[in-house]
1. Please go through (1) hydroxyl-bearing (Ser, Thr, Tyr); (2) surrounded by fewer than 16 Cβ atoms within 10 Å (Cβ to Cβ); (3) within 21 Å of GLY129 (Cβ to Cβ) for TYR39 and return the number of the only condition it doesn't satisfy.
2. Being within 21 Å of LEU195 (Cβ to Cβ) and among the polar types (S, T, N, Q), is that true of even one residue in the stretch 132-148?
3. Can you tell me how many residues within the stretch 384-418 are touching an Asp or Glu at 6+ places or on another chain (Cβ under 6 Å) and aliphatic (A, V, I, L, M)?
4. Return a yes/no flag: does the stretch 311-324 have any residue that is under 30 Å from PRO381 (Cβ atoms) and among the hydrophobic types (A, V, I, L, M, F, W, C).
5. Among the residues of the stretch 8-40, count how many are among the basic types (Lys, Arg) and within 11 Å of THR86 (Cβ to Cβ).
6. Please go through the stretch 284-311 and pick out each residue that is more than 27 Å from SER360 (Cβ to Cβ) and either basic (Lys, Arg) or surrounded by 22 or more Cβ atoms within 10 Å (Cβ to Cβ) (or both).
7. So, restricting to helices (runs of 4 or more DSSP H) that lie completely within the stretch 301-418, which ones have at least 1 residues that are farther than 18 Å from TYR192 by Cα?
8. Has the stretch 259-268 got any residue that is assigned to a strand (DSSP E or B), free of Cβ contacts under 8 Å to residues at least 40 places away in the same chain, more than 24 Å from ILE333 (Cβ to Cβ) and in contact with a helix residue (DSSP H, G or I) (Cβ under 9 Å, 6 or more places away or on another chain)?
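The values are calculated or read from the model by the stated rules, or taken from the named source; none is laboratory data. These numbers come from a predicted model, not from an experiment. We place every Cβ from the backbone using ideal geometry, glycine too, and count neighbours over all the protein chains shown.
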Amino acid sequence: METIDGISTGRIDRLFADIEAFVDPAFDGWTRTVFSPAYKAERSWMVEEFKRAGLEDVHTDDFGNIVGILPGRHSTAKPIVLGSHTDTVERGGRFDGIVGVLGALEVAQRIKESGSVLNRPLMVIDFFGEEANPFGLTCLGSRALAGSLTVKDLERVSPEGKRLGDAMQSFGLDPSRAVSGKHPVRGSWHAYLELHIEQSSTLDQTGCNIGVVSATAGIKRLVGRYMGQYDHAGGARMKSRKDALLAAASSALALHEFACGSPEYAVATTTHIDSLQLAQNVVPGRSELRAELRSTDSAWFGAIEKDLALRLSMRATEFGCELDLEWSLDNEIAHTDATLQETIAAASTILGLSWTAVPSGATHDSVHMTGIAPMGMIFIPSIDGRSHCPEEFTPKKDIINGIAVLEKSVRLVDESRP
């Protein structure tokens, strides 16, 4: 069976069927978390698939990423780079990241089989450990490649008490090389392109074929610690209570209202509230709230800490509590390259596919590539916007469309950018 631009679905079907065998059977859905036996086995399989696609110099770099090269006419020219990831969250889906890696392999193999030779080398990367993990640090391989993984990061400890550095070493990686290896400097690559499912509902709801990503949201996380007063649940009158759990719950609503009032794309998610005690006959005197906020609106994102400090303090005061806020930055807003946006849009139009500009609320390995090369992203629809769950689904025709746009974009970049 063939669809758009002559791409056969047979090879894609085989790749998806094969990779789906590498999962943890203890969980529903598709679970292939970083450092797991299933992930280790899948990576060994992936190395062979890189070779099968005709890529050369296939290896695992100092940062845990699987890398392969399709030589170009000019061996010293800066490469065009394609990448994504193949690890999953627990009880995740089978398309997030995986579409980008398998799609990149298909593009490389199609170019090689066509007999044409690109002017530039084409590099394909399966980035190590993009998804969330017990150490609280996403995008391990791309972060390390970009030089952003630090010695301090290696000291991060999981809830089970294991160091990130030790986990990397047990997995067969050298953590010291991950932070001190040779990083590509800014301008080392000609361009970076990533194909990905949207993980939101814009394309599915509008019936649009392709999303041209305008920017990836910045992410800030907060921990709020509420200090009230422990009291007997039967004796303390309602108006005199200093209930730290109610203060945290009210703050969760304030976070929701804050994001709903943003002028552009923004979301806020409260992920955890803990009263720090189990007795049912005690008014909570301490509580902890954890949340994250994401946005592509630079002004809104920059003012988050100041604005929320006031809003959440007011909620704490309303319930007679004090509040301590701790902030952390996961990543800044990452804008895609304007020329690559135009290239992806042109590729879609040439192929007769509809396209629209969309923001990305999810973070990706591409965020960390912006310091190395111009970066562009291609989105394809996610049915009902579902992702990070077994119900995550993208139809085969949309996957083929995405691969076709990725290949056409590679050829346009190779021909047009000096």
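1. Failed condition: (2).
2. Yes, because at least one residue in the stretch 132-148 is within 21 Å of LEU195 (Cβ to Cβ) and among the polar types (S, T, N, Q).
3. The qualifying residues number 2.
4. Of the stretch 311-324, the ones under 30 Å from PRO381 (Cβ atoms) are none.
Within the stretch 311-324, none of the residues are under 30 Å from PRO381 (Cβ atoms) and among the hydrophobic types (A, V, I, L, M, F, W, C).
5. First, pick out the residues of the stretch 8-40 that are among the basic types (Lys, Arg): 11, 14, 32, 40.
Then keep just the ones that are within 11 Å of THR86 (Cβ to Cβ); that gives 32.
Looking only at that region, the number is 1.
6. Applying the first criterion (more than 27 Å from SER360 (Cβ to Cβ)) to the stretch 284-311 yields 284-288, 309-310.
The answer is PRO284, ARG286, SER287.
7. Values: elements: 304-318, 338-350, 366-369, 396-416.
It comes to 304-318, 338-350, 396-416.
8. Within the stretch 259-268, none of the residues are assigned to a strand (DSSP E or B), free of Cβ contacts under 8 Å to residues at least 40 places away in the same chain, more than 24 Å from ILE333 (Cβ to Cβ) and in contact with a helix residue (DSSP H, G or I) (Cβ under 9 Å, 6 or more places away or on another chain).
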